[in-house]
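Enquirer: Structure provided below as structure tokens; questions to follow.
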Amino acid sequence: MRPRLELQTTVRATLPVHYTTAGAEAAAASLKSMLEQRSVSLRNKDRTNRLLGLVRLHLAGRGEPQGHNRDPRGAASLR
């Protein structure tokens, strides 16, 4: 077993650096699940920008749902 592991580590050192996009893919999957039901409304640029601002606040843990009901047009730009 040890010779096999030594061979693997030797070969691994000669391979090019490998970067992963797993973190970005997880974030994209989360956004997709949040926005999938609203895909029709994403055709309006201003509405989409406000919605993405609210999503950004939600993901950062700074969203205040009760405040969005009072002023949905300005809630995304308050922060």
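Enquirer: In whole Hz, with x marking every Gly and Pro, tabulate ³J(HN,Hα) for region 50-61 from phi via Karplus 6.51 cos²θ - 1.76 cosθ + 1.60, θ = phi - 60°.
Expert: 5, 5, 5, x, 5, 5, 4, 4, 4, 5, 7, x
Enquirer: For region 14-24, take each phi angle, set θ = phi - 60°, evaluate the Karplus expression 6.51 cos²θ - 1.76 cosθ + 1.60, and give the result in whole Hz per residue in order, putting x for glycine and proline.
Expert: 8, 7, x, 5, 10, 9, 10, 10, 4, x, 5
Enquirer: Using label points projected 7 Å from each Cα along Cα→Cβ, tell me how many nm separate E64 and L35, to one decimal.
Expert: Between E64 and L35, the label points sit 2.5 nm apart.
Enquirer: Next question, about the same structure. If I model a spin label at K45 and T14 as a point 7 Å from the Cα along the Cα→Cβ vector, what separation in nanometres do I get?
Expert: Roughly 5.4 nm, to one decimal.
Values in this text are rule-based calculations from the coordinates and carry no lab data. Note that the structure is a prediction, hence the values are computed from the model and not measured. Positions of Cβ are generated from backbone atoms using ideal geometry, with glycine treated the same way; all protein chains shown enter the neighbour counts.
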